[in-house]
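To start, the structure under review is shown below, and the notes come after it.
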Amino acid sequence: WPSIAARFWPTILGGGVAQKSRNLGLVLKPEQKSVANSARIETVVNRRFHTFNKGVKIGVCKARTDQYLELTVHPRYKDNIERYVHVTRAIAMRETESDLIERLARLEKQLLDPLTSSRAALQLEAIGQRGVETLRHGLTSADPEVRFYSAEALAYLDESGAAEELAKTARNAPAFRVFALAALSATADFSAHEELRSLLDVSSAETRYGAFRALWTMNRNDPLVMGESLGGQLSYHVLETSGPPMIHVTKTRRPEVVLF
């Protein structure tokens, strides 16, 4: 697979607003560049990911040269670009049906091993619908890490049944909390909204605010979290919750005041 082109920009003191979105780029290594390789990558990526433009289904990847491909961010990964890149790079370029069956069997064993579960779940997510059954098997594991990685991948596949495990992780596992909340915000499953709503009432300040941000990311027009704009400079939100009263203020990225 190609390496990912990356540039690092200086900090803009005082902040700024981007007026134009920039696509990701996939760049083939010099020894791998060719029109055939570019075309093959475009085909396999678009077979796995697509989006819509004015109701027309389009692929997310476009080969621009024999070395460079433009990659549009899939909406489900708009707040987790790093995962999107990892999943894209995990897509198999050449694989027969028998190869896929063998790989699914191998990945199932790796998924159920906490030491290899994370990578296996990512590869199953890259496979798509054919990997769902294996990931659901992972939800039944006795190991909490295996259950989390399985639920996380299922959420990004927009499959139901992952929300409860992700919410449990957000409550009880601080090391995985941010990833669990991000996965909950990425799925359109109604149960994810309900689980996030319940997290607004817990005692952990980090979890409560994280749940608010996940709900806002999921649907910023949701009356529960929409709030109001104060002079176009600050967002003000009042949430009716049963947890301890709390005020959260932030001035970076999205200036806001949130009252719990």
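The values are calculated or read from the model by the stated rules, or taken from the named source; none is laboratory data. Just so it is clear, the model here is predicted, and its values are computed rather than measured. Reconstructed Cβ throughout: ideal geometry from the backbone, glycine too, with neighbour counts over all protein chains shown. Calculation scope for accessible area: heavy atoms of the full protein, side chains included, ligands and nucleic acids excluded. Shrake-Rupley method; radii C 1.70, N 1.55, O 1.52, S 1.80 Å.
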Can you name the residue in the stretch 136-158 that is open to solvent by 40 Å² or more (accessible area, probe 1.4 Å) and of a type outside the set (A, V, I, L, M, F, W, C) and, of all such residues, is nearest to Ala175 (Cα to Cα)? Glu145
If you take the residues of the stretch 168-194 that are of a type in the set (A, V, I, L, M) and not in a helix (DSSP H, G or I), which of them is surrounded by the fewest Cβ atoms within 10 Å (Cβ to Cβ)? Ala188
Scanning the stretch 1-29 for residues that are over 30 Å from Gln233 (Cβ atoms), at pLDDT below 90 and assigned to a loop (DSSP other than H, G, I, E, B), which turns out most open to solvent (accessible area, probe 1.4 Å)? Arg7
Members of the stretch 62-88 that are crowded, with 16+ Cβ neighbours inside 10 Å, part of a helix (DSSP H, G or I) and either in contact with a Gly (Cβ under 6 Å, 6 or more places away or on another chain) or not hydrophobic (A, V, I, L, M, F, W, C) (or both): Arg76, Tyr77, Arg83, Tyr84, His86, Thr88
Given (1) open to solvent by 70 Å² or more (accessible area, probe 1.4 Å); (2) out of contact with any Leu (no Cβ under 7 Å at 6 or more places or on another chain), number of the condition Ile91 does not satisfy: (1)
Please determine whether any residue of the stretch 152-159 is of a type outside the set (Asp, Glu), over 20 Å from Ala186 (Cα atoms) and part of a helix (DSSP H, G or I). no
Mind telling me which of the residues Val249, Val257 ends up being among the hydrophobic types (A, V, I, L, M, F, W, C), assigned to a strand (DSSP E or B) and either surrounded by fewer than 13 Cβ atoms within 10 Å (Cβ to Cβ) or out of contact with any Leu (no Cβ under 9 Å at 6 or more places or on another chain) (or both)? Val249
